[in-house]
Amino acid sequence: SNCPNLEEIHDVAFEKHLSNCTDWITGSPIKVLRNCTVESDIIPFQNITTLTTIDNMTWKYRNIGGKFYGCTGLETVTINITDQVTTAFIDGKGTFENCTSLREIDFTESDLSNLRQFDRMFYGDSSLTTIKNFKVTNPNATCGNKVLTECPINNTDGLYIGSQSSLDMFKLGEGSKITNFTDFEIATNVKDLSHLFENYQLITKDMSIP
């Protein structure tokens with residue numbers, strides 16, 4: 001903390017044994033986190049308004065819910081979430097909520113097979129146009145219809161939906177800001193597509209669902 005010229009952090013592992021880290025970044029205008037690994041729930045990233053870039057982050061802790069809430073300057077994210085605790089579920093609720101400058105997020109090779117809850121994951125991200133490699137493979141994953149509220153999505157490369165409940169994220173009605181889907185794959189166990197994109201006013205192109 002209190003490093004007024006520190007703008008980038010590279011190749012740091014935030015390990016499990018860390019403690020008392022609530023003010024670790026206070027007074028430091030961090031803009032870039034690159035090649036960092038997170039193994040602990042104790043590191044707070046919420047409301048770091050100077051942060052603009054998360055590049056090649058590896059997340060090894062099961063709880064990522066709300067961890068980047070309110071990072072209003074954050075623009076791009078590449079992150080690999082790896083399930084290190086196979087007996088527990090991954091909580092993704094509100095992970096990037098109110099990141100109003102976020103334009104693009106790439107989940108790269110993330111293992112989301114134990115993702116159970118991801119409501120409000122991108123809620124209020126009014127600049128978010130691109131979500132890549134978001135693969136909800138858990139057939140028991142749940143969310144509400146506020147995951148993509150205010151998000152002007154037009155690029156969904158690598159999107160995969162593996163649970164019926166997860167389709168609720170697209171039930172936005174007339175309030176939808178989505179203009180296009182470039183990739184949209186649904187698991188064979190997901191049968192009911194009724195009212196899925198009902199009243200989408202801004203869709204500009206035909207789309208296909210494999």
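The values are calculated or read from the model by the stated rules, or taken from the named source; none is laboratory data. A quick note: this is a predicted structure, and the numbers were derived from the prediction, not measured. Here Cβ is always computed from backbone atoms with ideal geometry, including for glycine, and neighbour counts include all displayed protein chains. Note: accessible area is taken over every heavy atom of the protein model, side chains too, but ligands, DNA and RNA are not part of it. Shrake-Rupley method; radii C 1.70, N 1.55, O 1.52, S 1.80 Å.
List of remarks:
- For segment 152-157, Karplus couplings with θ = phi - 60° (6.51, -1.76, 1.60), whole Hz, Gly/Pro x: x, 5, 9, 9, 10, 4
- Probe 1.4 Å, accessible area per residue of the chain, Å²: 47
- Excluding same-chain neighbours fewer than eight residues apart, the lysines reachable from Lys93 by a Cα-Cα span under 16 Å are Lys67, Lys135, Lys146.
- Contact order normalised by residue count of the chain, Cα under 8 Å, 6+ apart, percent: 12
- Virtual spin-label span in nm between Glu174 and Ser126, 7 Å along Cα→Cβ: 2.0
- Residue-span extension gain [Asp157 to Ser194] - 0.36 nm each, minus C-alpha spacing: 11.0 nm
- Ala13-Thr204 pseudo-label distance in nm [points 7 Å out on the Cα-to-Cβ vector]: 4.5
- Residue-count net charge about Gly173 - beta-carbon cut-off 15 Å; Lys, Arg +1, Asp, Glu -1: -1
- For segment 127-185, the gyration tensor built on C-alpha atoms gives an oblate shape. Its axis ratio a/c (a ≥ b ≥ c) is at least 1.5, and a/b is not larger than b/c.
- In a simple Cβ point-charge model (Lys, Arg +1; Asp, Glu -1; nothing else charged), the chain has a dipole of about 300 debye relative to its Cα centre.
- Distance between the modelled labels on Arg34 and Glu185, one decimal in nanometres: 3.2 nm (7 Å Cα→Cβ projection).
- Amide H contacts of Thr37 (H built 1.01 Å from N, in plane; Pro and chain starts excluded): Val12, Ala13, Phe14, Thr58 sit under 5 Å, all sequence-distant by 5 or more or on other chains.
- Share of carbon and sulfur in the accessible heavy-atom surface of the chain [1.4 Å probe, %]: 43
- Within-11-Å neighbourhood charge of Asn145 [Cβ basis; K, R +1; D, E -1]: +1
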